[in-house]
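The values are calculated or read from the model by the stated rules, or taken from the named source; none is laboratory data. Since we're looking at a predicted model, the values are computed, not measured. With ideal geometry, Cβ positions are generated from the backbone for all residues, glycine too; neighbour counts draw on all protein chains shown. Accessible surface areas use protein heavy atoms only, side chains included; no ligands, DNA or RNA. Shrake-Rupley method; radii C 1.70, N 1.55, O 1.52, S 1.80 Å.
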Amino acid sequence: MDTFLNQWLWRQEYWLPPGVTWEDMKETEETQYPEPRDLLLAIPCAFLFTAVRFLFEKYVALPLSRLLGMQEKKKNVKATPNPVLEAFYLKQRNQPTESEVRCLSAQCNMQNRQVERWFRCRRNQDRPSTSRKFCEASWRYVFYLVAFLTGLAVLKDKPWLWNQREFWANYPHQPLVSSLYWYYILELAFYCSLLLTIAFDVKRKDLKEQIIHHFATIFLISFSYCANYIRAGTLVMLLHDSSDHILELAKMFNYTKWKRVCDVLFIIFAVVFFVTRLYLLPTRIIYSTFYYSMETFQPFFGYYFFNVLLMVLQVLHFFWAYLIIRMVYRFTFVGTVENDVRSDIEESEDSGQENGKPSGRENETDKWRSNNNRVLQKFTENGMAQVHNGHLKAS
């Protein structure tokens, strides 16, 4: 197996600059360099994170939500048991098309509106509870805050924190520091744990973007370690963690109905997000990996691979920035916020439309839109739900 990996995956001409071999990065008694096998520790740590998360949400986050006075919304009436519709819901899709609605209504001897109402009620049954969303946000907040503080502690005395040309000083002969290694294991294990639990987490409409983000992050962290791009990698992780913990804290206050605190935190998050993801990352880190690195060596496969991963993350950042700007614009100039920009897997129970047809609550929706207090409430509720991994994340 080692022979296969060395011949096809870890060929030095792929990952190292011309003229540099893996032999040049062999550890000695005095100096240690990164090796791929070092990252295997992240696998058991990912399972450990999953177990800790379960205990934290059950014994810390849930009691905390009750202490803060969080109240659950009343569930709608449950859908009437119907084997045909239930089988379609579970095996095919939870929101049938118009033609499928007509077919199902004929099979069940029901009107189209009754079938649509059944699916709406059934979807709402699967909507995650507020306490579940609060617990998930609490766990992410704790991790991102710990990771951010860890990154600051590890990088505060490193020269590349302020001067990104230092990424390439004496590259690739940059010895591995134990604190940087554990910082990598911390981040890599967490993102692996996110993939382990993504099927059970609160699902949002940008689920595909989240999965792409997690995979890109894991590849980026792993590759940057193996190719000794640790200086650039640690700074990327620090920038991502700087805004994520603020967002998760804002969500927590939103779920507990502390609206003013939530609004202030969301504004702070948006400012930090734009500064770190749309300014510092492309102008400092990506610029350094594209141009400053060429002052030291010629382009090679690893150079292109690393920068492509960074650009994938940057595209996702622009996507999430668009959602933030769209929410702010609609609230400021239109007076309402679009419900499904990045909301939970199901639309709100007061949705004005179902399959493109006006619902019986259309008049109530009009009244709601004319009420500024309800607009503000809807803004904060959807706003915090819409921007979830404004990270690393890939990170």
If each K or R counts +1 and each D or E counts -1, the residues other than residue 179 whose Cβ falls under 12 Å of its Cβ total +1
Karplus ³J(HN,Hα) for region 260-269 (6.51 cos²θ - 1.76 cosθ + 1.60, θ = phi - 60°; Hz, whole; x = Gly/Pro) runs 5, 4, 4, 4, 4, 5, 5, 5, 4, 4
Taking R0 as 56 Å and r as the Cβ-Cβ distance between residue 294 and residue 112, the FRET efficiency 1/(1 + (r/R0)^6), rounded to the nearest 0.05, comes to 0.35
Sorted by accessible surface (1.4 Å probe, heavy atoms of the protein chains only), largest first, 218, 325 come out as 325, 218
In order over region 143-158: 3J(HN,Hα) from phi, Karplus 6.51/-1.76/1.60, θ = phi - 60°, whole Hz, x for each Gly or Pro, gives 5, 4, 5, 4, 5, 5, 5, 5, x, 4, 5, 6, 9, 4, 10, 8
Distance in nm between residue 66 and residue 307 label points, each 7 Å along Cα→Cβ, equals 5.6 nm
The Rg/Rh figure for region 50-160, Cα atoms and Kirkwood Rh, to two decimals is 1.25
Quick note, region 28-100: a/c under 1.5 would make it rounded; otherwise a/b > b/c is prolate and the rest oblate (a ≥ b ≥ c, C-alpha gyration tensor); here it is oblate
With the 1.4 Å probe rolled over protein heavy atoms, region 93-218 has an accessible area per residue in Å² of 45 Å²
Karplus-derived 3J(HN,Hα) from phi for region 231-243 (6.51 cos²θ - 1.76 cosθ + 1.60, θ = phi - 60°), whole Hz, x at Gly and Pro, runs 5, 5, x, 5, 6, 4, 5, 4, 5, 5, 5, 5, 10
Among 158/251; 133/257; 133/208; 91/133; 58/133, the pairs whose Cα-Cα distance exceeds 21 Å are 158/251; 91/133
From highest to lowest solvent-accessible area (probe 1.4 Å; ligands, DNA and RNA excluded), 45, 103 read 103, 45
Once Lys and Arg are counted +1 and Asp and Glu -1 for all other residues with Cβ under 13 Å from that of residue 32, the total becomes -3
Distance in nm between residue 329 and residue 26 label points, each 7 Å along Cα→Cβ, equals 5.9 nm
So, over other residues within a Cβ distance under 12 Å of residue 56, counting Lys, Arg +1 and Asp, Glu -1, the net charge is +1
Once 288, 99 are ranked on solvent-accessible area with the largest value leading and a 1.4 Å probe, the list reads 99, 288
Given unit charges at Cβ for Lys, Arg (+) and Asp, Glu (-), the dipole magnitude of region 199-317 about its Cα centre in debye, nearest 20, is 400 debye
Shape call for region 238-332, from the Cα gyration tensor axes a ≥ b ≥ c (a/c under 1.5 means rounded, otherwise prolate when a/b beats b/c, else oblate), comes out prolate
